[in-house]
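A.B. asks: One structure, pasted below without further comment.
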Amino acid sequence: MMTTQFLYRIAFLATVWITVSTLEAAEKEPFHFGHRGGAHEFEENTLFAFKSCYEKGIRGFELDVRMTSDGELVVLHDDSLDRTHHGTGPVESLKAAEARKVHSKKQNEPLLFLDTLLAFLKDKPGMYVEFEMKTSNKDLYPDSRIAEYAAKLHEKVTAFVPAGSTYVFTSFDQRPLKAIKQVDANADIMLIKGGPLTPELMAAARAIGSKRIAAKMEGTTRLAVKEAQKQGFIVTGWPGHNLNDYFLGLGLGVDAICSDVPVQVQEYIDTKRSR
């Protein structure tokens, strides 16, 4: 015969199980997207990377935009071609015709032009895409060049946005963000910081009309994330080098995570949901 104490224990354990299950069901999963097209899973910032990510079910990308000497926009992260491509020096010193002859080191992919990527995205609704403006180097992008760069990028990106897609202009550099806002007051922009989320970042973002902020997850506190969200900011965490970084973002409660391993993250989420 069951004792009263035993019955109480059963009831307690059942309550705990229901509570844990409810919390797990209510757990907010941050949206994750492919940093440079999934830089640790594919060759970064190549059309192959973005296509592969998409085929694996990833519906968000981050990419880096630079401008050739004659005003064509290309997708490249570094100030120099040396690390990722068969080329030397800044792409900004090349004309478009010269840049089209440059290929990547790993898979011999042609240097990606923004027009090519936008053509790929044209028939893909429901995408989230961050166009990071790589203008922090003032030797390559003096103040006199920012307006031209921002205007060309805005024109290209907004020419056609598929249904349900969100295209965001992002940068560490406030100059192109301000320039984009001068072209289009309603443009969706995001200020990025190479450090943890702070009140100063929130103030700087608010001052330029950005409702989005991105900060390094290491050093960021859950309290800071909650405060930013309370103030109406959409918070993105980075970097996402591995699955542990995804877990960090999950614990911090960020809205989105810019991940180098988006496919691995997606596979983890799918496995968890299938249990």
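The values are calculated or read from the model by the stated rules, or taken from the named source; none is laboratory data. Treat the numbers as computed from the prediction; the structure is a model and nothing was measured. So basically every Cβ, Gly included, is an ideal-geometry build from the backbone, and we count neighbours across all protein chains shown. SASA here: full protein model, heavy atoms, side chains in, ligands and nucleic acids out. Shrake-Rupley method; radii C 1.70, N 1.55, O 1.52, S 1.80 Å.
A.B. asks: Which helices (runs of 4 or more DSSP H) sit wholly inside the range 1-111 and have at least 1 residues that are farther than 22 Å from residue 256 by Cα and at pLDDT 95 or above? So that I can check it myself, show each step before the final result.
C.D. replies: Details: elements: 4-26, 47-55, 96-99.
Ranges flagged: 47-55, 96-99.
Residue-wise test of (1) touching a strand residue (DSSP E or B) at 6+ places or on another chain (Cβ under 9 Å); (2) within 12 Å of residue 197 (Cα to Cα); (3) not hydroxyl-bearing (Ser, Thr, Tyr).
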residue: 220; (1), (2), (3): yes, yes, no
residue: 236; (1), (2), (3): yes, yes, no
residue: 240; (1), (2), (3): yes, no, yes
residue: 246; (1), (2), (3): yes, no, no
residue: 254; (1), (2), (3): yes, yes, yes
residue: 264; (1), (2), (3): no, no, yes
residue: 268; (1), (2), (3): no, no, no
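A.B. asks: Pairs needed: first member in the range 162-187, farther than 13 Å from residue 151 by Cβ; second member anywhere, modelled with pLDDT under 95 and open to solvent by 10 Å² or more (accessible area, probe 1.4 Å); C-beta distance under 6 Å; at least 6 residues apart or different chains.
C.D. replies: Listed pairs, sorted by first residue: none to list.
A.B. asks: Out of the residues in the range 131-157 meeting the condition of being free of Cβ contacts under 8 Å to residues at least 40 places away in the same chain and open to solvent by 60 Å² or more (accessible area, probe 1.4 Å), tell me which one is farthest from the chain's Cα centre (by Cα).
C.D. replies: 144
A.B. asks: Is there any pair with a first residue in the range 92-108 that is surrounded by 15 or more Cβ atoms within 10 Å (Cβ to Cβ) and a second that is in a helix (DSSP H, G or I) whose Cβ atoms are under 8 Å apart and which are 6 or more apart or on different chains, and what are they?
C.D. replies: 99/91; 102/91
A.B. asks: If you take the residues of the range 40-55 that are of a type in the set (Asp, Glu) and touching a helix residue (DSSP H, G or I) at 6+ places or on another chain (Cβ under 7 Å), which of them is farthest from residue 78 (Cα to Cα)? Spell out the reasoning first.
C.D. replies: Pass one, the range 40-55, residues of a type in the set (Asp, Glu): 41, 43-44, 55.
Going one step further and asking which of them are touching a helix residue (DSSP H, G or I) at 6+ places or on another chain (Cβ under 7 Å), we end up with 41, 43.
Working: 41: 18, 43: 14 Å.
Out of the qualifying residues, it is 41.
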